[in-house]
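Since the structure comes first, as structure tokens, the remarks are kept for the end.
The values are calculated or read from the model by the stated rules, or taken from the named source; none is laboratory data. A quick note: this is a predicted structure, and the numbers were derived from the prediction, not measured. Quick reminder, even Gly has a Cβ in these numbers, built from the backbone with ideal geometry, and neighbours come from all protein chains shown. Heads up: the accessible areas ignore ligands, DNA and RNA and are worked out on the full protein's heavy atoms, side chains in. Shrake-Rupley method; radii C 1.70, N 1.55, O 1.52, S 1.80 Å.
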Amino acid sequence: MRIAMISEHASPLAELGGVDAGGQNLHVADLSTALADLGHEVRIYTRRDAEDQPVAQPMGDGVSVVNVPAGPARYVPKDLLLPHMKEFGDWVGEHWRDDNWQPDVTHAHFWMSGLAAIAASRPIGVPVVQTFHALGSVKRRHQGAMDTSPRLRIGYERAIGGAVDRVVAQCQDEVRELIRLGVPRTRISLIPSGVDAERFTPDGPAQTRDPDRPVILSVGRMVERKGFADVIRAMRVVPNAECVIVGGPPGAELGRDPVAKGLQALAAECDVANRVRLVGAVPREDMPRWYRSADVLASAAWYEPFGLTPLEAMACGVPVVASAVGGMLDTVVDGLTGTLVSPRDPRALGKALRRLVDDRVRRLAYGTAALDRARSCYSWKRAATQLSSVYASLCRLRRPTGAVA
Ligand code: UDP
């Protein structure tokens, strides 16, 4: 089958850890590879954000990336990309015509990609699948006035949910949110992300560390909702342990980054500065080394549409202490593979971390169960196989050219 993935702001080839480059980039890359492994041909359309990017770039067997010229050829924050989506969709449609290549199905990632996907696919009758990755309604609920998303985002998401042929949710919590948004349950498929169990393994090289000091690792884009500040505050009740934070700008730029500087100041205020280390962005191929060097992963997100990081830690046999939100409610089994705590509660987080840090046997038991759960329930092959069935069922029901739902 020919599959067009649309991922407007998140290129599968981007460096991760920056404000707008994280889970979606990796999801699109790994999912596309897994689909190609099943024999599909995948083209990923993402916005061209550097002058030196060619239009087409091979990514692997059966997968290529198309850098779409829409808006300036430089980084533009994703919240400012909406005005370029029409140009994006029109370009993709023309490219299919000029190249004499038409997908059997288009799969859009993030709401704005949905707009481009519908514009390019609907006139030629190609079915559209939508994965939101994050929902504006959830963001608005948690971030309120700090939410910089376009004002019309929630309305657009409702319209996209009603227009596409299938919406893929990544966790139970998202299914509930989508139903609240008005998407009929029959049009929602629950297909969680996977984890690359060949790369993320307990055995292999690990980052050097002090063997006498427990290491609590936290990983993510350096944005407030990832809860790094709560992890730092929690360190007050976890004496002796070291907190390592991976993500954000490259290490050499941390000193100039306002968010990183704020976290460092907070650590000093909490009197834990000598036990908090900010590493900056780590290339994705080095991530397993960091997980392997940790005793516990702390994922203190205020909300989390899915959360690949906890799953990667689990695949490395590391127990997880996570906020009881979003995808972590499904991936982390409280009392079996880790501990779930209320979000934005540094005391509860600290107590849960301390309990695990102080209990080697429990850590081992949780780590073993976490590894087993990641491997058995969250492979990319499973996700790709389930998606293939969804794609196939939609192709069978393909609308006549030009028909609108
Ligand atoms: N990541 C990385 N280098 C970094 C920080 C993060 O490779 O310096 C990766 C991390 O391993 C994970 C992804 O970025 O695969 C973050 O995904 P997650 O779902 O946890 O968060 P999101 O970015 O989607 O909010």
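Remark: segment 54-64, residue by residue, has Karplus-estimated 3J(HN,Hα) of x, 5, 10, 9, x, 10, x, 4, x, 10, 10 Hz, where x stands for each Gly or Pro and the curve is 6.51 cos²θ - 1.76 cosθ + 1.60 at θ = phi - 60°. Label reach from residue 381 (point 7 Å along Cα→C-beta): in segment 39-54, amide nitrogens under 13 Å belong to 39. For segment 46-111, with all protein chains in place and a probe radius of 1.4 Å, 50% of the accessible heavy-atom surface sits on carbon or sulfur.
Between 395, 336, 378, the Cα set farthest toward the positive side of the dipole of the chain (charges on each charged residue's Cβ, about the Cα centre) is that of 336.
For the chain, the longest principal axis of the C-alpha atoms and the axis of helix 258-269 are separated by about 20°. Top mean-square fluctuation among 148, 368, 309, Gaussian network model of the chain, C-alpha springs under 10 Å? Top of the fluctuation ranking is 148. For the residues 60, 248, 317, a GNM of the chain with alpha-carbon springs under 10 Å puts the largest fluctuation on 60. Quantify, in whole percent, the carbon and sulfur part of the accessible surface of segment 269-343 (1.4 Å probe; protein heavy atoms only). Of the solvent-accessible surface of segment 269-343, carbon and sulfur hold 44 percent.
In the context of the full set of protein chains, segment 36-86 has a per residue accessible area of 50 Å² (1.4 Å probe). Distance distribution note for segment 198-321: the fraction of Cα pairs above 22 angstrom is 29%.
Over the chain, DSSP H runs of length four or greater, each weighted -39,500 (n - 2.57), average out per residue to a 222 nm ellipticity of -11500 deg cm²/dmol.
Take the alpha carbon atoms of segment 284-339, find their center, do the same for segment 176-223, and report the distance between the two centers in whole angstrom. Rounded to whole Å, the Cα centres lie 6 Å apart. Each Lys and Arg adds +1 at its Cβ and each Asp and Glu adds -1 at its Cβ; summed about the Cα centre, segment 120-214 shows a dipole of about 680 debye. Per residue, the accessible area of segment 127-254 comes to 41 Å² when a 1.4 Å probe rolls over the protein heavy atoms. The listed residues 358, 173, once ranked by accessible area (1.4 Å probe) with the largest placed first, stand as 358, 173. Our estimate of slack between residue 274 and residue 1, defined as 0.36 nm per intervening residue step minus the Cα-Cα distance, is 92.9 nm.
Springs between alpha-carbon pairs under 10 angstrom, Gaussian network model over the chain: which of 313, 197, 108 fluctuates most? Among 313, 197, 108, the largest GNM mean-square fluctuation belongs to 197. Cross-link pairs exceeding 30 Å between alpha carbons, from the set 351/381; 226/381; 86/381: 351/381; 86/381. Looking at segment 297-405, the accessible area is 42 square angstrom per residue; that uses a 1.4 Å probe and ignores ligands, DNA and RNA.
When the charge dipole of segment 133-208 is built from unit charges on Cβ atoms (+1 for Lys and Arg, -1 for Asp and Glu) and taken about the Cα centre, the candidate among 205, 135, 156 whose Cα reaches farthest toward its positive end is 156. Rg/Rh, computed from the Cα trace of segment 306-358 with Rh as the Kirkwood radius, has the value 0.94. Distance between the pseudo-spin-label points of residue 137 and residue 74 (7 Å out from Cα toward the beta carbon): 3.8 nm. In this Cβ point-charge picture (+1 for Lys and Arg, -1 for Asp and Glu), the chain has a dipole of about 1160 debye about its Cα centre. With 20 Å bins beginning at zero, the pair-distance distribution over Cα atoms of the chain amounts to 28, 57, 15, 0 %. Between the helical axis of 172-181 and the longest alpha-carbon principal axis of the chain there is an angle of about 50 degrees. Ordered from longest to shortest, the equivalent ellipsoid semi-axes for segment 19-63 are 20, 15, 7 Å, each the square root of 5 times a Cα gyration tensor eigenvalue.
Pull up the cross-link candidates among the aspartates and glutamates for residue 78, meaning alpha carbon to alpha carbon under 16 Å and not fewer than 8 places away within one chain. Those aspartates and glutamates meeting the cut-off are 8, 15, 20, 49, 87, 147, 157. In the chain, the longest principal axis of the Cα atoms and the axis of helix 153-163 are about 50 degrees apart.
A Förster radius of 30 Å, combined with the Cβ-Cβ distance separating residue 240 from residue 206, puts the computed FRET efficiency at roughly 0.90. Distance between the 7 Å Cα→Cβ label points at residue 190 and residue 397: 2.0 nm. Note on segment 23-169: Cα convex hull, mean projected area over all directions, 9.0 nm².
Here the label points at residue 87 and residue 365, each 7 Å from Cα along the C-beta direction, are separated by 5.9 nm in the simple model.
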